[in-house]
1. I'd like the full set of residues that are of a type outside the set (Lys, Arg) and assigned to a helix (DSSP H, G or I), limited to the stretch 117-130.
2. Check Val377, Val333, Val371, Val386 and return the single one that is over 22 Å from the mean Cα position of the chain (by Cα) and assigned to a loop (DSSP other than H, G, I, E, B).
3. From the list Asp200, Asp247, which one is in contact with a His (Cβ under 9 Å, 6 or more places away or on another chain) and among the charged types (D, E, K, R)?
4. Considering every residue within the stretch 399-413, establish whether at least one is assigned to a helix (DSSP H, G or I), surrounded by fewer than 19 Cβ atoms within 10 Å (Cβ to Cβ) and either at pLDDT 95 or above or of a type outside the set (Val, Ile, Thr) (or both).
5. Output the residues belonging to the stretch 44-71 that are buried (at least 17 other Cβ atoms within 10 Å of the Cβ), within 16 Å of the ligand (Cβ to nearest atom) and within 29 Å of Gln134 (Cβ to Cβ).
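The values are calculated or read from the model by the stated rules, or taken from the named source; none is laboratory data. On a predicted model such as this, the values are computed, not experimentally measured, just so you know. Because the Cβ atoms are built from the backbone with ideal geometry, glycine has one as well, and the counts that use them run over all protein chains shown.
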Amino acid sequence: MLQLDSHPTGRHFLQIPGPSPVPDRILRAMSLPTIDHRGPEFGALGRQVLTGIREIFKTQHPVVIYPASGTGAWEAALSNTLSPGDHVLMFETGHFASLWNKMATRLGIATEFLAYAGTDPHLPQAAGWRRGVQADMIEARLRKDTDRKIKAVCVVHNETSTGVTSDIAAVRRAIDAAGHPALLMVDSISGLASADFRHDEWGVDVTVSGSQKGLMLPPGISFNAISPRALEASKSARLPRSFWAWDEIVEMNKDGYWPYTPNTNLLYGLAESLDMLLGEGLDNVFARHQRWAAGVRAAVNAWGLPIQCADPAVYSPVLTGVITPEGVDADAVRRLIHQRFDLSLGTGLGKLKGRMFRMGHLGDSNDLTLVAMVAGVEMGLKLAGVKLAGSGVHAAMDHFAAHAAPTALRQAA
Ligand code: PLP
């Protein structure tokens, strides 16, 4: 039974790091009638989105679109390129890297999970979950692999559980410096279309992504961008696959169609999203997220709370993780903020449960929605009895006022 009092007034503040708030333009585009997925109109739509999405990944090569969440596209990347028992090197940056590692193990792949070896005063149990991929460790491990048993290196570009964006070009350089033939597979599920990403230039073999983050769509489609080397590897890879198999999809995609029923209305949304992002220009999109992130970090610094990412060189432009003081349950603070201010924040995942929360700055946002998010968090922290060093709201306002947006929002009258 619908409870009317469960619908607060105004828009909900969906400030989790994905699914991100969906622009009205995209919602309207998705509301169009569903069409025949074998008809000519669909073929034109298919060709349009399959071409446009390559610009977002910065690739000349095929991008496969699945009617699945990001987890499905993880499985597609592994099952298309690897054989049972293959050795794969992965790097523990957080919860999502850990889940991908677990999936690979379940698929019968022999994974080696490298992790940052240092310590951390705030989170001794999760020191590596405050830093990015350590490319030098990958290089050192690959150099020791003289009989070339390692078939792939898998890393997460933007670790959504922590707010750390790893340097993928450095991972490519590490593989090349070791002279190793391993494939490079990257999860950019929450990085793509918010943080700089260059599939071809960085020599990535498979990039995995999803619809519900920087592309500003609802959840439900995901991607594999595929290099010629990865496509070649798929011809001899022996892990079982059928729904995920690239060959039939890539073949039918040449005319804009799929071997099964694609997610028509989400593809309308994707066409709209591509129009918005490419119209704005990817460099402007990235600068916009960097600026938002800096404003939100200014707020966290003003509160005097530690940011989950301990290395300023790899702060995420997509989200900011905030560590709560010892003894303050971050999830209790989140619940309070949700109940009192209709604002959703990301929970601490895995090893970080209860120790931190995540503030998303992606999707259909602007300076004022972010200031509102900061205000909701500040009020919630105070209500939870957390002593704050200063006003994050003022710090965020000062930041946004002092740093003009890279593109003019409105023409002067
Ligand atoms: N990888 C990363 C970095 C993510 O952020 C997520 C989801 O948030 C996933 C993988 C899993 O994707 P999904 O939940 O769409 O299956």
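1. Across the stretch 117-130, the qualifying residues are Pro124, Gln125, Ala126, Ala127, Gly128, Trp129.
2. The unique qualifying residue is Val386.
3. Residue meeting the stated conditions: Asp200.
4. Within the stretch 399-413, the first condition is being assigned to a helix (DSSP H, G or I), and the residues that meet it are 399-402.
From the residues that got through so far, the ones that are surrounded by fewer than 19 Cβ atoms within 10 Å (Cβ to Cβ) too are 401-402.
Okay, now just the ones that are also either at pLDDT 95 or above or of a type outside the set (Val, Ile, Thr) (or both), so 401-402.
Yes, the stretch 399-413 contains a residue that is assigned to a helix (DSSP H, G or I), surrounded by fewer than 19 Cβ atoms within 10 Å (Cβ to Cβ) and either at pLDDT 95 or above or of a type outside the set (Val, Ile, Thr) (or both).
5. Phe57, Gly70, listed by residue number.
Residues checked against (1) buried (at least 24 other Cβ atoms within 10 Å of the Cβ); (2) under 22 Å from Leu231 (Cβ atoms); (3) not small (Gly, Ala, Ser):
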{"position": "Leu142", "(1), (2), (3)": "no, no, yes"}
{"position": "Val155", "(1), (2), (3)": "yes, yes, yes"}
{"position": "Gly163", "(1), (2), (3)": "yes, no, no"}
{"position": "Ile168", "(1), (2), (3)": "yes, yes, yes"}
{"position": "Arg173", "(1), (2), (3)": "no, no, yes"}
{"position": "Asp176", "(1), (2), (3)": "no, yes, yes"}
{"position": "Asp187", "(1), (2), (3)": "yes, yes, yes"}
{"position": "Ser190", "(1), (2), (3)": "yes, no, no"}
{"position": "Arg198", "(1), (2), (3)": "no, yes, yes"}
